[in-house]
1. Restricting attention to the range 155-163, does a residue exist that is within 11 Å of the ligand (Cβ to nearest atom) and over 18 Å from GLY122 (Cβ atoms)?
2. Just give me the residues in the range 32-80 being over 26 Å from SER109 (Cα atoms) and in contact with a Ser or Thr (Cβ under 6 Å, 6 or more places away or on another chain), in sequence order.
3. Just one of the numbered conditions (1) touching a Phe, Trp or Tyr at 6+ places or on another chain (Cβ under 7 Å); (2) not in a loop (DSSP other than H, G, I, E, B); (3) not small (Gly, Ala, Ser) is not true of HIS31; which one?
4. Name the single residue, out of those in the range 35-69 being exposed (fewer than 14 other Cβ atoms within 10 Å of the Cβ) and farther than 30 Å from ARG143 by Cβ, that is nearest to the ligand (Cβ to nearest atom).
5. Residue pairs, Cβ under 9 Å, 6 or more apart or interchain, first in the range 1-17 and on the phi > 0 side of the Ramachandran plot and assigned by TED's automatic domain parsing to the domain that holds ASP37, second within 13 Å of the ligand (Cβ to nearest atom) and assigned to a loop (DSSP other than H, G, I, E, B). List them.
6. Restricting to the range 110-121, give me the number of residues that are touching a residue at least 12 places away in the same chain (Cβ under 8 Å) and either within 12 Å of the ligand (Cβ to nearest atom) or in a loop (DSSP other than H, G, I, E, B) (or both).
7. What is the residue count in the range 72-109 for residues that are in contact with a Phe, Trp or Tyr (Cβ under 7 Å, 6 or more places away or on another chain) and either more than 14 Å from the ligand (Cβ to nearest atom) or within 20 Å of ILE41 (Cβ to Cβ) (or both)?
8. Among the residues of the range 1-17, what is the count of those that are within 14 Å of LYS67 (Cβ to Cβ) and part of a loop (DSSP other than H, G, I, E, B)?
Amino acid sequence: MPSFLIVYGTGEGQTAKVARQLGETLSELGHAVRIEDIDEIDADVGLGDHDALLIGSSIHAGRHHGKVIDFIEMHVDELATMPNGFFQVSLSSAGDDVARATAAGYIDSLIERTKWTPDRIGQFGGALRYSEYGFLKRAMMRRLGGRSLDATDTTRDYEYTDWDEVRTFAEDFASFVTQRVS
Ligand SMILES: Cc1cc2nc3c(=O)[nH]c(=O)nc-3n(C[C@H](O)[C@H](O)[C@H](O)COP(=O)(O)O)c2cc1C
């Protein structure tokens with residue numbers, strides 16, 4: 001059975017939660033999975049110790065996690081030698097068609113910047129974690145994200161991740177990798 005490495009970058013934890021769900025689904029399918037937070041990862045983590053790689057990042061202020069971009073740029077040649085995928089977590093993916101086009105634009109920018117075209121791409125809705133934001137961030141997120149999603153009650157959090165979608169992405173990626181490496 002192919003083994004998987006999942007590397008992710010997160011701000012408030014939603015991408016970590018998605019990474020864990022992806023890992024859980026892959027484990028249930030019988031695969032060995034290692035999950036690494038980019039903020040704690042060993043710089044010389046061995047990609048070659050795994051059959052496939054998933055990289056994930058949330059979007060903050062229109063940008064991916066800086067260390068995730070650095071990681072991709074550092075490993076771009078190695079990435080070409082193994083089945084790989086990218087998953088993105090953003091509020092734009094939870095919105096209307098215009099917002100979803102914005103989310104797709106973040107992916108286009110990533111590909112253009114890193115010259116890495118992932119074999120598989122997942123775009124998932126994120127969360128509004130008002131309980132974890134400071135005063136300014138709470139006010140900004142209420143104005144920017146909250147209004148368009150009708151999620152302006154800052155006394156509670158909102159989660160827009162479609163967990164069925166996350167599981168389906170993991171299952172599709174697992175069968176793609178299994179075909180590629182067998
Ligand atoms: C300060 C801040 C800025 C954000 N900027 C964007 C943005 O530009 N576009 C977007 O689609 N989502 C944006 N979001 C929403 C995040 O992508 C969403 O909250 C996601 O769940 C964060 O994932 P994380 O907890 O893994 O960092 C922003 C969130 C925060 C807190």
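1. To start, the set of residues in the range 155-163 that are within 11 Å of the ligand (Cβ to nearest atom) comprises 157-161.
So of that shortlist, the ones also over 18 Å from GLY122 (Cβ atoms) come out as 157-158.
There is at least one residue in the range 155-163 that is within 11 Å of the ligand (Cβ to nearest atom) and over 18 Å from GLY122 (Cβ atoms).
2. Within the range 32-80, ALA32, VAL33, HIS50, ASP51 qualify.
3. Single failed check for HIS31: (2).
4. Across the range 35-69, the extreme among qualifying residues is GLU40.
5. GLY13/ARG129
6. First pass over the range 110-121, keeping only residues touching a residue at least 12 places away in the same chain (Cβ under 8 Å): 110, 113-116, 118-121.
Next cut, either within 12 Å of the ligand (Cβ to nearest atom) or in a loop (DSSP other than H, G, I, E, B) (or both) only: 115-116, 118-119.
Qualifying residue count, the range 110-121: 4.
7. Of the residues in the range 72-109, 8 are in contact with a Phe, Trp or Tyr (Cβ under 7 Å, 6 or more places away or on another chain) and either more than 14 Å from the ligand (Cβ to nearest atom) or within 20 Å of ILE41 (Cβ to Cβ) (or both).
8. Result for the range 1-17: 2.
The values are calculated or read from the model by the stated rules, or taken from the named source; none is laboratory data. Note that the structure is a prediction, hence the values are computed from the model and not measured. Neighbour counts run over all protein chains shown; Cβ positions are idealised from the backbone, glycine included.
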